[in-house]
Ligand SMILES: Nc1ncnc2c1ncn2[C@@H]1O[C@H](COP(=O)(O)OP(=O)(O)O)[C@@H](O)[C@H]1O
Ligand SMILES: [Mg+2]
């Protein structure tokens, strides 16, 4: 499985070289390429769009209703509403949301730092093994979470943290670490795109005026790539929030579990549908807010991050 | 105020794969001099400048500031002030922050930074622009910010890479004058890169002509113009008529039998040998319709066309299968088809060796 996706990844990389993820200007603003739809065509297009959106929103609506429902079985809508599921997940098992925020923020912050450094090396430097680093940084895109989960479990269950004497897999550290690795491509990709927009002479001017490489990176390069890299960081964050496969394998205990693990736990409990939905609503909100922020930051450049 | 230095390049070579961008470059730039690197696009000017700034390490040879060998010194330690062709202003900083950057990096006190930034912005006439961002400035103003940013650190050498090439023609003249004024006022050693021969002739104390990476001639603008060392320079600096021929006689003057069967005489020079193949050069504006008072050459041509170019008429004529170009005053009326005698004094007729 992993072998197949690796093979495909390398083939793709071979034919679509790095240059492909630079932003090429056609000289025409994207807005000019957008066609307005008028009249009769609207009668076809509009209902189609509404239907597609409705269908894809149905699960969300269902989850929202379920999170407030006291009893809901044979009817279209719940019979009685309640807030007890929310109080359950907020006060009885608050660790799910807290842990998620902690793990995902940690992994996103590390992704941001790593992404900035790796993309800087990719764009500005030549060194032996550059291709390998590039491949490694993109690799997590190709490996399914389940493979990573099992892999980490097997690799680290005997790796003891120096000083603590407990295996890495018995602590929560393994979760942010796995999220960090899994989502690294987002920040690498987004920093890469913004770095390519920064003309090298901006950095050279800084060095010419007496700043060394580190000062130049911190004062010139970093601030200029900041919006892109933060957007990438937020995307890494959201995707870590909804990460399920590695979470299931690597969560050491219920106390240290995150939101997605919590949902999984509740859903297999006969009384757990409500709290699971409440957690689901939190997950949806986190994702929605984050994507909204990214869209505000990046605008039309959003697509460049997702281009493979 | 400015600590100026002399700059010396000794046998500098820089290759990019197959291309030799700097080929055995030897330069001696005096302190306080306005020195220009001139040559067609791709001849290696930027490469040479970047070697001086420290952005490229030469494959061979050394760079000296005064007596100090800076060949292995990092760019940030060289104390040069560079104005980039695209200005390279930082878009996330205001004008004042752009200019103050080099001083901040040097850990200079806040008060002094403020004072020096104000003073330098005055010098480049950007008072009141401190709080603008680079996007809110015109091309000429951006140019001034770039200049101020480079000058404020009181660099040992000012390096300018085609600083005027992005400006429109009128602004270019204005900025050109201003750069000379500032340079003279500060007395700073300046190395100026351009492909525009007219610009080079008008701003420089001395000019180095570069071609295919190697320096062809280093001399004052007047000497470059009057005494180009080879056909490439003669052709590159203004237009020229080239008369290939063979040396026929050497007495007081050198007489050349040209291939179009005109005889041209020039001043004597070293190593002249009868039978040598040479090229005689006459600039179009050195031809006249009247006999000069000095000793002169004359060529006969048939006019093929006359073009009015404002200050004069440009005349294209034919001598055998060669086209000759002359610039003559507009008050003389000449018609295509007429035969014309063109006079050029002997000391304005140059002889050049045939290279390769
Ligand atoms: N970084 C580089 N990599 C490869 N070739 C280069 C590089 N910089 C310059 N060259 C080549 O070296 C030659 C001289 O370039 P350059 O110094 O930029 O010329 P100029 O500034 O006179 O136009 C050109 O042929 C150019 O293509
Ligand atoms: Mg250049």
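Being under 22 Å from residue B:235 (Cβ atoms), in the same structural domain as residue B:244 (by TED's automatic domain parsing) and in a strand (DSSP E or B), is that true of even one residue in the range B:329-341? Quick ask: steps written out before the conclusion?
As a first pass, look at the range B:329-341 and keep what is under 22 Å from residue B:235 (Cβ atoms): none.
So far as the range B:329-341 goes, no, none of its residues is under 22 Å from residue B:235 (Cβ atoms), in the same structural domain as residue B:244 (by TED's automatic domain parsing) and in a strand (DSSP E or B).
Is it the case that some residue within the range B:172-183 is under 21 Å from residue A:208 (Cβ atoms), assigned by TED's automatic domain parsing to the domain that holds residue B:28 and either assigned to a loop (DSSP other than H, G, I, E, B) or within 16 Å of ligand 1 (Cβ to nearest atom) (or both)?
no
From B:207, B:188, B:224, B:247, which residue is within 30 Å of residue B:120 (Cα to Cα) and away from ligand 1 (no atom under 16 Å from the Cβ)?
B:188
I need the helices (runs of 4 or more DSSP H) fully contained in the range A:153-263, keeping only those with at least 2 residues that are under 30 Å from residue B:76 (Cβ atoms).
A:174-196, A:200-208, A:213-216, A:222-241
Which condition number in (1) surrounded by fewer than 12 Cβ atoms within 10 Å (Cβ to Cβ); (2) modelled with pLDDT under 85; (3) within 26 Å of the chain's Cα centre (by Cα) is the one that residue A:25 fails?
Going through the list (1) surrounded by fewer than 12 Cβ atoms within 10 Å (Cβ to Cβ); (2) modelled with pLDDT under 85; (3) within 26 Å of the chain's Cα centre (by Cα), residue A:25 breaks only (3).
Which one of A:222, A:207 is closer than 30 Å to residue B:50 by Cα and surrounded by 20 or more Cβ atoms within 10 Å (Cβ to Cβ)?
A:207
For residues in the range B:60-91 being within 14 Å of chain A (Cβ to nearest Cβ) and free of Cβ contacts under 8 Å to residues at least 40 places away in the same chain, which is nearest to residue B:30 (Cα to Cα)?
Looking only at the range B:60-91, we keep the residues that are within 14 Å of chain A (Cβ to nearest Cβ), and these are B:70, B:73-91.
Narrowing further to those that are free of Cβ contacts under 8 Å to residues at least 40 places away in the same chain: B:70, B:73-77.
Working: B:70: 16, B:73: 21, B:74: 23, B:75: 21, B:76: 22, B:77: 21 Å.
Out of the qualifying residues, it is B:70.
Against the condition touching a helix residue (DSSP H, G or I) at 6+ places or on another chain (Cβ under 9 Å), farther than 17 Å from residue B:156 by Cα and within 16 Å of ligand 2 (Cβ to nearest atom), how does residue B:86 come out, does it pass? Spell out how you get there, then give the answer.
Values: touching a helix residue (DSSP H, G or I) at 6+ places or on another chain (Cβ under 9 Å): yes; farther than 17 Å from residue B:156 by Cα: yes; within 16 Å of ligand 2 (Cβ to nearest atom): yes.
Against the criterion (touching a helix residue (DSSP H, G or I) at 6+ places or on another chain (Cβ under 9 Å), farther than 17 Å from residue B:156 by Cα and within 16 Å of ligand 2 (Cβ to nearest atom)), residue B:86 qualifies.
Take the residues in the range B:127-162 that are more than 13 Å from chain A (Cβ to nearest Cβ) and crowded, with 21+ Cβ neighbours inside 10 Å, then tell me which one is nearest to ligand 2 (Cβ to nearest atom).
B:143
Might you check whether a residue that is in contact with a helix residue (DSSP H, G or I) (Cβ under 6 Å, 6 or more places away or on another chain) and away from ligand 2 (no atom under 16 Å from the Cβ) occurs anywhere in the range B:65-79?
yes
Please go through the range B:53-72 and give me each residue that is closer than 23 Å to residue A:125 by Cβ, more than 16 Å from ligand 1 (Cβ to nearest atom) and either surrounded by 14 or more Cβ atoms within 10 Å (Cβ to Cβ) or not assigned by TED's automatic domain parsing to the domain that holds residue B:161 (or both), ordered by number.
Just the residues of the range B:53-72 that are closer than 23 Å to residue A:125 by Cβ, to begin with: B:53-59, B:71-72.
Filter again for more than 16 Å from ligand 1 (Cβ to nearest atom), leaving B:71-72.
Across the range B:53-72, the qualifying residue is only B:71.
Kindly establish whether residue B:164 is touching a strand residue (DSSP E or B) at 6+ places or on another chain (Cβ under 6 Å) and within 16 Å of ligand 1 (Cβ to nearest atom).
no
So, in the range B:216-261, how many residues would count as being surrounded by 21 or more Cβ atoms within 10 Å (Cβ to Cβ) and part of a strand (DSSP E or B)?
6
Of all residues in the range B:1-52 being within 14 Å of chain A (Cβ to nearest Cβ) and either surrounded by fewer than 19 Cβ atoms within 10 Å (Cβ to Cβ) or in a strand (DSSP E or B) (or both), which is farthest from ligand 2 (Cβ to nearest atom)?
It comes out as B:17.
Filter the range A:92-149 down to the residues that are free of Cβ contacts under 8 Å to residues at least 24 places away in the same chain and not in a helix (DSSP H, G or I), then identify the one that is nearest to residue A:190 (Cα to Cα).
Top of the filtered list is A:125.
Taking only the range B:186-206 into account, find how many residues are in a strand (DSSP E or B) and within 16 Å of ligand 2 (Cβ to nearest atom).
Going through the range B:186-206 one residue at a time, the tally reaches 4.
The values are calculated or read from the model by the stated rules, or taken from the named source; none is laboratory data. All of these numbers come straight from a predicted model, not from anything done at the bench. Cβ coordinates were reconstructed from backbone atoms using ideal geometry, including for glycine residues, and neighbour counts include every protein chain displayed.
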